[in-house]
Amino acid sequence: MAERTLIARIRPDEQDAAVLVVASPVVAMVDGTPPPGIFLNPFDRVLTMKILNRRFTLRLPRDVQGRVIEALVPNAYTPVAYDQALVRLDPRAAADAASAAATQTGGAAAEGGSGGDLLVVPSPSEGIFYRRSSPDAPVYVEVGSPVSPGTVLGLVEVMKCFNQITYGGPGLPEKGEIVKILPGDAVEVDFGQVLFWVRPLA
């Protein structure tokens, strides 16, 4: 069965205009709140909503991303109202991740002679990086795999919560090709650590 998806409402935080508030687009029951510190990309899952016994996945809108500062509802089955604040998100973390990634890859790119056309995909948070959904499942991507917005690249586990790393967002082209996968499977990674090198495709 196809996933039922809802797109979150977004508004500036009243206390800090640089921070975004992710709000509910409907009246519903919610669970699966993301932990503080996790980084969410455009269209990433925020939490699960239940409306009249039907489950929906609440996702971020296009061009919205950032690090979760605070969850405003408990990580339990909780009723929420229309436009009720669910999560506070700091979009400035996206620039921090890109800066950290550029710093990490500067020397490696020069040593490898990979040229200036390669782009990097950094880790959205610290945690355990997985290349596959389970030990007997195929890896999400290999060197040479084509990628486009929404392509799942891997998983990061944070506090028993598995978060997808998806391709896409500011600074990344519509089409690309994986040219290097830096970490191994089931290894610890840090926020902003480079996970993939991507070559843009026309």
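In this simple spin-label model, placing a label point 7 Å from the Cα along the Cα-to-Cβ direction at both R11 and R62 gives a separation of 2.4 nm.
Taking 18 Å as the straight-line reach from the Cα of K50, none of the lysines fall in range once those fewer than 8 positions away in the same chain are excluded.
Can you tell me the relative contact order of the chain? Whole percent, Cα pairs under 8 Å, sequence separation 6 or more.
Values: 488 pairs, mean separation 39.0, N = 202.
Answer for the chain is 19 percent.
Quick one: helix 92-112 against the long Cα principal axis of the chain, what's the angle to the nearest 10°, folded into 0 to 90? That helix lies at roughly 10 degrees to the long axis. Once the C-beta distance of N75 and V187 is scaled by a Förster radius of 22 Å, the resulting FRET efficiency is 0.25 to the nearest 0.05. Relative to the Cα centre, the charge distribution of the stretch 5-90, modelled as +1 at Lys and Arg Cβ and -1 at Asp and Glu Cβ, gives a dipole magnitude of about 440 debye. Need one word for the stretch 5-90: rounded, prolate or oblate. Basis is the Cα gyration tensor (sqrt eigenvalues a ≥ b ≥ c); a/c below 1.5 gives rounded, then a/b vs b/c decides. Because a/c hits 1.5 or more and a/b exceeds b/c, the stretch 5-90 counts as prolate.
Scanning residues 5 or more positions from S145 or on other chains, those with amide H under 5 Å from its amide H are I178, with H placed 1.01 Å from N in the peptide plane. When the chain is described by a simple charge dipole with +1 on each Lys and Arg Cβ and -1 on each Asp and Glu Cβ, the residue from P25, F43, L118 located farthest towards its positive end is P25.
Can you pull out the GluC sites (Glu not before Pro) in the stretch 1-87 whose DSSP state is coil and whose Cβ has at most 10 other Cβ atoms within 10 Å? Mind dumping the intermediate values first?
Working: sites: E3, E14, E70; in loops: E3, E14.
In loop regions of the stretch 1-87 (DSSP not H, G, I, E or B), the sparsely surrounded GluC sites (Glu not before Pro) are E3, E14.
I need the shape label for the chain. Rule: rounded when a/c is under 1.5, else prolate if a/b > b/c, else oblate, with a, b, c from the alpha carbon gyration tensor. The shape class here is prolate. Please check which bits of the stretch 126-155 a label hung off K175 would reach, taking the label as a point 7 Å along Cα-to-C-beta and the cut-off as backbone N under 14 Å. Flagged as within label range: 145-149.
Only the coordinates and a few stated rules stand behind these numbers; no lab work does. These figures come from a predicted structure and were not determined experimentally. Neighbour counts are summed over all protein chains in view; Cβ atoms, including those assigned to glycine, are modelled from backbone coordinates with ideal geometry.
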